[in-house]
Amino acid sequence: MKMEKINTNLPDMICMRITRNCNARCDFCLAPPQGINPSLEELKYRINYLLNLGIKTIHFCGGEPTLHIGLRELLIYTHSMGGKCKLTTNGICIPLDLPKILFHTKTEIKVSVHGNKELHNQLTGTDSYEKVIENLQYLVNSGVGVSIQTTLIRGGELIVDEMAKFCIKERIRRLSFIPFLTRGKGKMHHETFSFLKGEKRAIREHIKRVRRLYSGRVDIRWLDFSLVPFYVVDTDGSLIIEHGTEEMDEKLFTIKIEN
């Protein structure tokens with residue numbers, strides 16, 4: 001990782017890892033557990049710091065953000081401070097009162113579904129598919145703005161059409177495909193999950209065709225973070241520009257509570 005530097009040329013949205021704890025065991029996990037669990041006070045301070053820098057949207061992620069006991073309060077706090085909220089979750093644990101808070105704070109939520117039951121359970125190391133779909137339907141029926149994100153690994157072209165049809169069936173208006181990145185736990189599965197030469201481009205072209213086919217019914221997107229870096233506040237408060245590999249990452253600064 002490159003040396004720390006000050007940079008105020010920041011995007012409108014920044015992802016905030018409020019925990020790296022997780023109830024799934026995804027082999028492609030970008031941010032596996034590392035033992036740091038920030039307090040509610042620390043997280044509120046970071047949110048306030050980012051909003052004061054002009055950040056418009058806080059995208060809560062992890063790990064699995066629904067495992068943090070303060071998630072509800074963080075959503076309400078961000079909304080009350082004039083910030084917009086987004087949330088990415090694996091959908092395994094959606095407390096009964098969470099949709100009401102998501103609706104009130106106008107939070108957009110992404111639920112990770114990585115294919116059919118067999119593939120999803122295999123990739124996440126869980127037997128959670130049916131629970132995820134149940135919670136997904138609960139969110140949709142609660143009037144929350146829900147989208148789906150699907151990680152694609154080698155051979156992923158086979159599930160593109162299937163996921164588009166799934167979203168239409170479940171009344172999901174947006175579907176994002178994320179190609180596998182060699183980060184986190186993914187480094188241990190590089191040889192199995194990485195795309196063969198030319199395969200990534202072929203999948204992207206296939207997604208374009210599927211997007212045209214289902215235009216007006218579901219908005220299908222391709223999010224390749226190896227080409228477009230993303231800004232993340234990690235659990236230790238470090239603001240990092242994350243690229244396709246951790247060796248390319250840039251640490252901008254660390255948000256610390258001043259004594």
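Here are the numbers for this structure:
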quantity: Highest to lowest packing among 189-199, 127-137, 148-158, 59-69, scored as the average C-beta count within 10 Å; calculated: 59-69, 148-158, 127-137, 189-199
quantity: Modelled label reach - E130, point 7 Å along Cα→Cβ, region 90-119 residues with backbone N closer than 14 Å; calculated: 117-118
quantity: Residue-wise HN-Hα coupling along region 90-99, computed from phi with Karplus coefficients 6.51, -1.76, 1.60 (Hz; x: Gly, Pro); calculated: 7, x, 6, 10, 10, x, 4, 8, 5, x
quantity: For the chain, share of DSSP beta bridges that run antiparallel, in % to the nearest 5; calculated: 20 percent
quantity: Simple spin-label estimate for S194 and K56 in nanometres, 7 Å along Cα-Cβ; calculated: 3.7 nm
quantity: In sequence order, calculated HN-Hα J values of region 15-21 (Karplus, 6.51, -1.76, 1.60; Hz; x Gly/Pro); calculated: 7, 10, 7, 8, 6, 10, 5
quantity: Under 23 Å between alpha carbons - lysine pairs in region 67-141 that sit 8 or more apart or on different chains; calculated: 11
quantity: Point-to-point label distance, I168-R204, nm (Cα→Cβ direction, 7 Å offset); calculated: 2.6 nm
quantity: Residue order, fewest to most beta carbons within 10 Å, for L50, L227; calculated: L227, L50
quantity: Quarter of the Cα convex hull surface for region 68-158, i.e. its orientation-mean projected area (nm²); calculated: 6.5 nm²
quantity: Cα convex hull of the chain, projected area averaged across orientations, nm²; calculated: 13.7 nm²
quantity: Gained length - N37 relative to Q137, 0.36 nm times residue gap less alpha-carbon distance; calculated: 33.0 nm
quantity: Whole-number D in µm² s⁻¹ for region 144-184, Kirkwood Cα-pair radius fed into Stokes-Einstein, 25 °C, 0.890 mPa s; calculated: 221 µm²/s
quantity: Value of Rg to Rh for region 165-259 (Rh from inverse mean 1/r over Cα pairs, i.e. Kirkwood); calculated: 1.09
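Read-outs throughout are calculated quantities, based only on the coordinates presented, and are distinct from any laboratory measurement. Computed from a predicted structure; not experimentally measured. For neighbour counting, all protein chains shown are included, and Cβ atoms are generated from backbone atoms with ideal geometry for every residue, glycine included.
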